[in-house]
Amino acid sequence: MKTLKFKNGDYMDAIGLGTWKSEKGEVANAVKIALNNGYKHIDCAATYGNEAEVGEAFDEVFGKGDIKREDLWITSKLWNNDHKKEDVIPALKQTLKDLQLEYLDLYLIHWPVAFKPDVSFPEKAEDFLSLEEVPLIETWKEMIKAKEQGLVKHIGVSNFSIEKLEELMNDTDHAPEMNQVELHPYLQQDKLLEFCSRNGINVTGYSPLGSGDRSDEMKADDEPSLLENPVINKIAKKHGASAGQILIKWSEQRGTAVIPKSTNEGRIKENLQSAGFQLDEDDLKQIADLDDHFRYVTGKFFEMEGNSYENIYND
């Protein structure tokens, strides 16, 4: 499997297990299956609401002694209601407590969006804080402090545009080390990837299979299916692979990390096996032609009349 290298020499496996939408009562078992079958990269977030159960899985696995904490890469994310400078490190410490860890390998600002501290998810414009009230750079400087304190080894962002990345890079000497964004053949993000590559920012792709299990409220009418795409399925047949494996391999082969979510044992194993073959130039050309800039996770749920979060992706 490919790995992503960080400036200090640390490496992260390109294929990880995502935990977004993994239900309580299922996520701990999924994490244990993943770790016992060779995964070394687990992606978490406070807002997923399942970090305490993931922590129970870590505690059980580490307690058996065969898998060591230092051999894994564990990521989590700062939620939008903890952007104020006094809230960043306490939020991180709560995540560490829930995950039963002493440190994270990577901590990300989940969105370039701020809520009031007592708001889990906004229902009206008044539930937000503007980026004038809580500038991203204020939050980012606290992330830098968390790294300096040894609570995290690496820091980065998620869902950030080039413009917002530049904002952080221009105001500190610590550029984000990771940008986690939606990434798949319908949204290939070549311009963003080129910018990140040029500036030493690694990239992780989420929703690599199209996130078909997200809530109906987040779905567009008649949205296209990646797993049913005829080009993807033709390439899958050629390689004796599943459509999902082709989508995962495409991300890994481009040099990005990829975090497919599953709680199904067979699928968890199958996803990791995507590392075992190569797409050829013809495959890659056919997949490149699928790009139509379609987002499954649009960010429109943050747009409310009276707030300032219109078109957060700047595209």
Under the 7 Å Cα-to-Cβ spin-label approximation, S308 and K93 lie apart by a distance in nanometres of 3.1 nm
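Can you work out the accessible area per residue across region 228-315, with the rest of the protein chains kept in place, probe 1.4 Å, in square angstrom?
Result: 50 Å² of accessible area for each residue.
Is there a quick way to get the dipole size of region 187-274? I mean about its Cα centre, with the Cβ of Lys and Arg at +1 and of Asp and Glu at -1; what is the value in debye to the nearest 20?
The calculation lands at about 500 debye.
By DSSP, what percent of the beta bridges with both residues in region 114-217 are antiparallel, rounded to the nearest 5? Each step should come with its number before you reach the end.
Details: 3 of 10 bridges.
Beta bridges within region 114-217, antiparallel portion: roughly 30 percent.
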Provide the percentage of antiparallel DSSP beta bridges, counting only those with both residues in the chain; round to the nearest 5.
20 percent
Quote the FRET efficiency, to the nearest 0.05, computed for N8 versus S120 with a Förster distance R0 of 41 Å and r equal to the Cβ-Cβ distance.
0.75
In the chain, what percent of the accessible surface is made up of carbon and sulfur (1.4 Å probe, ligands and nucleic acids excluded)?
44 percent
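What FRET efficiency comes out for D66 versus E132 if R0 is 45 angstrom and r is the Cβ-Cβ distance? Round to the nearest 0.05. All intermediate terms of the calculation are to be shown ahead of the outcome.
Values: r = 51 Å, r/R0 = 1.12.
Working from the Cβ atoms, E equals 0.35.
Want the number for N36 to L284: 0.36 nm per residue separation, take away the alpha-carbon distance, what's left? Write out the running numbers ahead of the final one.
On the way: separation 248, 0.36 × 248 = 89.28 nm, distance 3.18 nm.
In short, 86.1 nm is gained.
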Grab the other residues whose beta carbon is less than 15 angstrom from that of I248, score K and R as +1, D and E as -1, and report the net.
0
Solvent exposure of region 73-168 as accessible area per residue, Å², 1.4 Å probe
39 Å²
Over the chain, what relative contact order in percent results from Cα pairs under 8 Å that are six or more residues apart?
20 percent
So what's the back-of-envelope 222 nm ellipticity for the chain, counting only DSSP H runs of four-plus at -39500 (n - 2.57) apiece and dividing by all residues, rounded to 500?
-10500 deg cm²/dmol
Sequence of H293, H174, H154 from largest to smallest accessible area, 1.4 Å probe:
H293, H174, H154
Anything over 24 Å Cα to Cα? Flag those among K2/K153; K84/K153; K7/K147; K21/K85; K21/K164, in the order listed.
K21/K85; K21/K164
Inter-part gap, Cα centre of region 122-201 to Cα centre of region 4-75, in whole angstrom, is 22 Å
Just read off the accessible area of R295 with the full protein assembly in place, 1.4 Å probe, to the nearest 10 Å².
40 Å²
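The values are calculated or read from the model by the stated rules, or taken from the named source; none is laboratory data. Remember, it's a predicted structure, so these values are computed and weren't measured experimentally. Methodologically, a virtual Cβ is constructed for each residue, glycine included, from the backbone with ideal geometry; neighbour enumeration extends over all protein chains shown. Heavy atoms of the whole protein, side chains included, go into the accessibility calculation; ligands, DNA and RNA do not. Shrake-Rupley method; radii C 1.70, N 1.55, O 1.52, S 1.80 Å.
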